[in-house]
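Right, one structure below, let's go through it.
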Amino acid sequence: MAKREFTVEDEYPYNHSGPVRWIISHMRRYPLYPLVAVGAALANNMAYSGIAVATGRAFDLISSEGFQSGAGLRALTLLALTIAGLAITQGLTGLTRNYSIAILAQRMERDARDELYISLLGKSQTFHGSQRIGDIMAHATNDMRSLNFMFSPGLMLILDSLMALIVPIILIARIDTRLLVVPLLFIVMLAITVYDYNRRLKPVSFNLREQFGVMNAGLAEAISGIDVVKSNVMEGYEWRKFTGDARRLS
């Protein structure tokens, strides 16, 4: 570990060897929330698929001969209660999944911001003198908020979408494995499409974050040096500079 000017007692050690490992090291502080979220998402999609299966069985029962008998009505009542129970389970597990991910996202944002502040505290005066304050504050505020959004709703939607693929595939395979051809082809094409989309979106996202820091840095410098700006009658220049940065950001 590099020497720092200041250290903080009981600082939590995070893995900085890569972005994925860094995120995982943050999540390892709260192992219960990811496990609960995965389990709740699995149960949620199983309940959702179970509703579709039970509804199909109810239609088969209604269209069958001898439905009007007492046994047929009892079976239909049982299916109706099953669907109601699955719907309640789906709602409760959905709330549990969303709650777990939301709490994890809030703690990730808090811990990452705390880690950034500790890192800035340990930097030398030479480092701080060479940095643009607005750029650092943009990272400390907006970027940390983006980390929150990455988990909620980002990770939540990815997790739910993944379970929405796995569970129906399992249920389809239980009916007839020959029915898997079209869903598996769809999954392959979807994976290729999403990969290509992310490949195209990555440079745009990086440029967006960089431009946001540039815009904030320029604005902070103009405000902190407003006396110099006014004394040199540079208000129009600073306004055009800020609006130009804002247009490039948008």
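Selection of the range 175-224 for residues being among the β-branched types (V, I, T) and touching a residue at least 40 places away in the same chain (Cβ under 8 Å) yields only V214. Looking only at residues in the range 172-231 that are acidic (D, E) and in a helix (DSSP H, G or I), the one that is farthest from A140 (Cα to Cα) is D196. One residue stands out in the range 4-40 among those that are more than 28 Å from A84 (Cα to Cα), among the β-branched types (V, I, T) and surrounded by fewer than 18 Cβ atoms within 10 Å (Cβ to Cβ): the one that is modelled with the highest pLDDT, namely I24. Of the residues making up the range 41-90, those that are β-branched (V, I, T) and either closer than 24 Å to L162 by Cα or exposed (fewer than 15 other Cβ atoms within 10 Å of the Cβ) (or both) are I51, V53, T55, I62, T77, I83, I88, T89. Within the set T55, T96, T77, T82, the sole residue that is in a helix (DSSP H, G or I), under 19 Å from S152 (Cα atoms), assigned by TED's automatic domain parsing to the domain that holds N142 and of a type in the set (V, I, T) turns out to be T96.
The values are calculated or read from the model by the stated rules, or taken from the named source; none is laboratory data. Predicted model, so just to flag it, every value in this text is computed and none were measured. Cβ: placed from backbone, ideal geometry, glycine included. Neighbour counts: every protein chain shown.
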